[in-house]
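Input: a single structure, listed below in structure tokens.
The values are calculated or read from the model by the stated rules, or taken from the named source; none is laboratory data. As the structure is a computational prediction, the values presented were derived from the model and not from experiment. When we count neighbours, we look across all protein chains shown, and the Cβ atoms used for this are built from the backbone with ideal geometry, even at glycine. To get the accessible areas, we keep the full protein, side chains included, count just its heavy atoms, and leave off ligands, DNA and RNA. Shrake-Rupley method; radii C 1.70, N 1.55, O 1.52, S 1.80 Å.
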Amino acid sequence: GVGGILAVLHACLDIKGTILDKLHYVLFFLAPAMNPRYLCLVDPEDGKLVKGTVRVGQAVETVGQAGRPKTITGFQTHTTPVLLGFKDRAELAGNEYIAASSVMEGVVIVEKIP
């Protein structure tokens, strides 16, 4: 991730002698730094993907607000797996699952509510 970006930046110190000359393949060091933001729900018992409904919307800062304020605004409801945008945040929409993690990004383990 960050190491690839630093390697390219270091090569850019002498850009005419490295990247623009014979070392153009140094740009491939940027590939590990590019990873998508996604959300997948996984069942803890068998490790299979779970189709659940999530709300995806713009993140709202809720630090210092009393009660239980909404953490997203302008949301759309999707079924997982979902790709998240740069400023997007996701939360579980239905009452059928509860997340084991407070961060809804990447692979999240969910348990069925009895």
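Couple of notes before you dig in:
- Counting only protein heavy atoms and a probe of 1.4 Å, the accessible surface of the chain is 59% carbon and sulfur.
- 5 angstrom amide H check on GLY52, placed H, neighbours 5+ away: THR80
- The gain in end-to-end length when the ALA7 to GLU105 segment is fully stretched comes to 32.5 nm, 0.36 nm per residue minus the alpha carbon separation.
- Per residue value of the accessible surface for the chain (all protein chains in place, 1.4 Å probe), Å²: 73
- For LYS48, the aspartates and glutamates whose Cα comes closer than 16 Å to its Cα, not counting residues fewer than 8 places off in the same chain, are GLU111.
- Within the chain, percent of DSSP bridges classed antiparallel, to nearest 5: 85
- Charging the Cβ of each Asp and Glu at -1 and of each Lys and Arg at +1, and nothing else, the dipole of the chain about its Cα centre rounds to 280 debye.
- Cross-link reach list, lysines versus LYS51, counting only Cα pairs under 24 Å and skipping chain neighbours closer than eight places: LYS70, LYS87, LYS112
- Structure remark: mean-square fluctuation, Gaussian network model of the chain, C-alpha springs under 10 Å; the largest value among LYS51, LYS70, LYS16 belongs to LYS16.
- Spin-label model, THR77/LEU30: points 7 Å from Cα along the beta carbon direction are separated by 4.0 nm.
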